[in-house]
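The structure appears right after this line, and notes come after that.
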Amino acid sequence: MSAVLEAREPSARYLESLPPAMVRQFDLLATAPGGVARLRELILTLAVQGKLVPQDSRDEPGSALLGRIFAEKNRLIASGQSKRDRSEAAPQVDDSEVLPAGWASTLLGEVSLVSGGVTLGRKGSLIEPVTLPYLRVANVQRWRVEMNELKQVTIARSELQRFALRSGDLLITEGGDWDKVGRSAIWRGELPECLHQNHVFKLRGMLNSWNSEWAQLYLNSPVARTYFASCAKQTTNLASINMTQLKACRFPLPPLAEQARIVARVDDLMRLCDALEAKGRLEAAQHAQLLSTLLGTLTDSASPEELAANWQRVADHFDLLLDRPEAVDALEQTILQLAVRGLLVPQDPNDEPASVLLERIRAERDRLIAEGKIKREFRGPERRKPRQVRLNDDERDWFKGVAVGLAR
């Protein structure tokens with residue numbers, strides 16, 4: 001529970017009592033390679049399965065919410081404000097998975113208005129042109145919109161309502177490399193007026209029955225990412241989804257009140273993951289500094305006796321130092337450096353000097369050369385033998401004719 005206390009987040013205090021069995025293990029799980037990233041994936045998976053917060057029978061069920069959305073969508077279609085897609089006439093919803101009590105299963109295209117963005121490079125005259133910034137795939141990251149390096153596009157003012165972003169719209173990327181497929185983030189009105197490119201889809205809810213925070217959470221979860229990976233069009237190192245596939249994405253619909261509770265719980269747990277991540281970075285930096293200092297004393301040793309004294313300091317922290325793979329690698333390199341410097345073992349004055357050994361080796365080599373058993377190595381510049389060129393009969397006759405002509 002130390003990470004919870006060190007997080008200093010008042011909203012995270014409830015974690016000490018609500019899900020103790022899971023949160024008590026967060027510190028331990030976070031120390032594994034990639035542990036925090038896996039924790040985030042686990043949190044999202046549990047959230048979209050309805051396992052992070054209890055269901056409340058007093059909440060309006062998702063089926064009632066779904067009915068209101070359908071009624072509003074039919075009203076928009078009847079008034080000509082929206083068009084009915086062929087896929088909407090008979091939606092195919094997979095009900096094989098058992099949903100939590102009060103949840104409804106539908107398709108993403110059934111509960112939101114999905115639209116594409118501005119196609120760049122269009123030709124033709126524009127009536128009342130207006131130039132505005134637009135979002136590209138690179139601007140839409142998971143959970144956030146990056147506002148750096150915005151580009152601009154000119155469109156007709158009559159198209160502004162179609163392509164302009166509204167606060168609360170959910171943005172989803174069409175693709176690129178695998179990590180860019182289905183990245184989702186909420187537009188929170190960062191600019192008064194902004195558009196989106198055709199490779200970025202826009203999802204907009206109807207009435208007050210759309211929680212964009214829940215939709216963002218679900219579409220960034222491993223469940224939705226698995227769906228996008230299974231249906232994405234693939235080329236070499238690239239993948240993409242189209243609007244039809246996006247609309248056909250299965251979308252669980254909890255009661256609105258439960259959606260809000262799930263989003264709040266995920267926010268708390270993600271802040272805890274942020275604290276664990278920061279704690280891990282600090283511990284890694286401290287560990288690297290300690291390792292560098294202690295191994296540095298070994299390499300700075302001037303004699304085997306000094307090395308033995310410095311080694312004791314390493315031995316006192318051995319378990320702490322060698323709990324990471326990179327620390328073991330650093331220790332191996334240090335040992336090799338000490339070995340080739342002759343500091344791992346003491347020198348014995350009774351040993352034959354290396355200079356005498358070297359003279360014996362040279363004498364033996366000269367003897368073998370004199371007996372013709374080995375050849376003397378040539379230590380000057382390398383000499384190359386002239387290249388032998390083979391000519392066919394026609395080439396030989398041509399050169400012979402040239403030589404005869406020159407001789408005349």
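No value in this document is a laboratory result; all are computed from the given coordinates. Note that the structure is a prediction, hence the values are computed from the model and not measured. Here the Cβ is made from the backbone with ideal geometry for all residues, glycine too, and neighbour counts use every protein chain on show.
Cα gyration tensor of the range 142-281, axes a ≥ b ≥ c as square roots of the eigenvalues: rounded (a/c below 1.5), prolate (a/b > b/c) or oblate? Mind showing how you got there, number by number?
Numbers: a/c = 1.40, a/b = 1.24, b/c = 1.13.
Rounded is the answer for the range 142-281, as its axis ratio a/c remains below 1.5.
Could you check the simple spin-label distance between T297 and A370, using points 7 Å along Cα→Cβ, in nm with one decimal?
With each label placed 7 Å out from Cα toward Cβ, I get 5.6 nm.
What FRET efficiency comes out for Q337 versus E359 if R0 is 45 angstrom and r is the Cβ-Cβ distance? Round to the nearest 0.05. Could you put the intermediate results ahead of the total?
Values: r = 28 Å, r/R0 = 0.63.
Efficiency, rounded to the nearest 0.05: 0.95.
Taking 0.36 nm per residue of sequence separation and subtracting the Cα-Cα distance, how much length would be gained by fully extending the chain between L29 and T154, in nm to one decimal?
Values: separation 125, 0.36 × 125 = 45.00 nm, distance 5.05 nm.
The span from L29 to T154 would gain 40.0 nm if fully extended.
Say R0 is 45 Å: what FRET efficiency, to the nearest 0.05, do E352 and Q286 get from their beta-carbon distance?
Details: r = 48 Å, r/R0 = 1.06.
Efficiency at R0 = 45 Å is approximately 0.40.
So who's got an amide H within less than 5 Å of the one on V118, skipping anything under 5 residues away but keeping other chains? H placed 1.01 Å off N, in plane.
Result for V118 returns H196, Q197, N198.
With contacts defined as alpha carbon pairs under 8 Å and 6 or more residues apart, what's the relative contact order of the range 111-221 in percent? Display every interim value, and only then the final one.
Values: 226 pairs, mean separation 41.5, N = 111.
RCO, the range 111-221: 37 percent.
Note the full-extension length gain between K51 and M147 as 0.36 nm times their separation in residues minus their Cα-Cα distance, in nm to one decimal.
31.1 nm
Does the range 305-347 come out rounded, prolate or oblate, given a ≥ b ≥ c as the square roots of the eigenvalues of its C-alpha gyration tensor, rounded meaning a/c under 1.5 and, failing that, prolate meaning a/b above b/c? Walk me through the numbers on the way to the answer.
Numbers: a/c = 4.33, a/b = 1.46, b/c = 2.97.
Oblate.
Which whole-number percent gives the relative contact order of the range 280-340, counting Cα pairs below 8 Å spaced six or more residues apart?
38 percent
Compute the length gained on full extension between D316 and R58: take 0.36 nm times their separation in residues and subtract their Cα-Cα distance, giving the result in nm to one decimal.
Computed gain between D316 and R58 is 86.8 nm.
So how do W210, W143 line up by other beta-carbon neighbours within 10 Å, fewest first?
Values: W210 22, W143 12.
Exposure proxy ranking, most exposed first: W143, W210.
Whole angstrom only: what separates the Cα centroid of the range 153-214 from the Cα centroid of the range 308-378?
About 65 Å separates the Cα centre of the range 153-214 from the one of the range 308-378.
Jot down the per residue volume, in cubic angstrom and as a whole number, of the convex hull over the alpha-carbon atoms of the range 280-340. Don't skip to the answer; put the middle values down first.
Numbers: hull volume 4.2 nm³, N = 61.
Dividing the Cα hull volume of the range 280-340 by its residues yields 68 Å³.
Could you check the simple spin-label distance between N74 and C231, using points 7 Å along Cα→Cβ, in nm with one decimal?
2.4 nm
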